[in-house]
Amino acid sequence: MSNMNMRGKIIFYEDRNFQGRHYECMSDCADMSSYMSRCHSCRVESGCFMVYDRPNYMGNQYFMRRGEYGDYMSMMGWNDCIRSCRMIPMHRGSYRMRIYERENFGGQMHECMDDCDSFMDRYRMSDCMSCHVMDGHWLMYEQPHYRGRMMYMRPGEYRNFREMGYGGTRFMSMRRIMDSWY
């Protein structure tokens with residue numbers, strides 16, 4: 001199996017430290033409740049995934065790459081558990097995103113091709129409320145230096161973060177999901 005065709009694999013466990021019933025996932029899963037009633041630990045064997053605390057890729061998001069997460073609940077400070085997950089495909093090639101100060105691509109616009117640890121420091125931009133991802137897969141963070149709540153951005157237009165359920169969230173930094181993370 002070549003790296004280009006590499007598939008991800010994540011195993012969810014009902015209890016902490018990889019105990020109890022488990023569910024193996026190698027693609028997107030919109031609702032895990034039919035497979036298990038709770039999930040308190042997981043192991044990423046290959047690939048990268050976004051996990052969500054609500055079904056249908058909604059709610060809080062967390063990025064997971066290869067490794068073991070024996071008690072991710074306390075690590076993330078979540079009250080609930082993983083309810084859905086999305087496999088992030090590996091991207092080779094250039095990265096390009098336009099970020100906008102206002103909704104519907106209004107206000108200041110900056111084209112980004114690499115990580116940015118602070119929109120304010122680099123662009124003198126205090127808010128980012130919409131974006132257009134042309135190439136690559138990205139993570140946007142609510143605080144500078146890649147901290148706080150995050151949102152997974154794949155190629156496409158994102159006209160209004162508020163309508164996506166990020167009402168009070170201001171995104172202040174972003175980074176590329178690199179193939180070296182797989």
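Listed values, structure above:
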{"read-out": "Heavy atoms of D179: accessible area, 1.4 Å probe, square angstrom to 10", "value": "60"}
{"read-out": "Charge dipole of the chain about the Cα centre (unit charges at C-beta), most positive-ward option of Y141, M151, I88", "value": "I88"}
{"read-out": "Loop sites in region 99-169: chymotrypsin sites (Phe, Trp or Tyr not before Pro), DSSP, at most 16 other Cβ within 10 Å", "value": "none"}
{"read-out": "Computed [θ] at 222 nm, helices only, for the chain once each DSSP H run of length n ≥ 4 contributes -39500 (n - 2.57)", "value": "-1000 deg cm²/dmol"}
{"read-out": "Cα pair distances exceeding 26 angstrom across the chain, given as percent", "value": "32"}
{"read-out": "Segment Q143-M178, extension gain: residue separation times 0.36 nm, minus the distance between their alpha carbons", "value": "10.6 nm"}
{"read-out": "Value of D in µm² per second that Stokes-Einstein yields for region 117-166, Kirkwood Rh from Cα pairs, at 25 °C (0.890 mPa s)", "value": "211"}
{"read-out": "Length released on extending from Y123 to M26, taking residue separation times 0.36 nm less the Cα-Cα span", "value": "31.1 nm"}
{"read-out": "Cα→Cβ-extended label distance, 7 Å offset, between N17 and R159, nm", "value": "5.1"}
{"read-out": "Heavy-atom accessible surface of the chain: percent carbon and sulfur, 1.4 Å", "value": "42"}
{"read-out": "Cα gyration tensor category, rounded, prolate or oblate, for region 96-181 with a/c compared to 1.5", "value": "rounded"}
{"read-out": "Along each principal axis, Cα extent of region 13-117, largest first, Å", "value": "50, 28, 24"}
{"read-out": "S33 versus D135: modelled label distance in nm, points set 7 Å from Cα along the beta carbon direction", "value": "4.2"}
{"read-out": "Excluding exposed DSSP-loop trypsin sites (Lys or Arg not before Pro) (at most 11 other C-beta within 10 Å), longest clean stretch of the chain", "value": "1-91"}
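The values are calculated or read from the model by the stated rules, or taken from the named source; none is laboratory data. Worth saying up front: this structure is predicted, and the values here are computed from it rather than measured. When we count neighbours, we look across all protein chains shown, and the Cβ atoms used for this are built from the backbone with ideal geometry, even at glycine. For accessibility, only protein heavy atoms count, side chains too; no ligands or nucleic acids. Shrake-Rupley method; radii C 1.70, N 1.55, O 1.52, S 1.80 Å.
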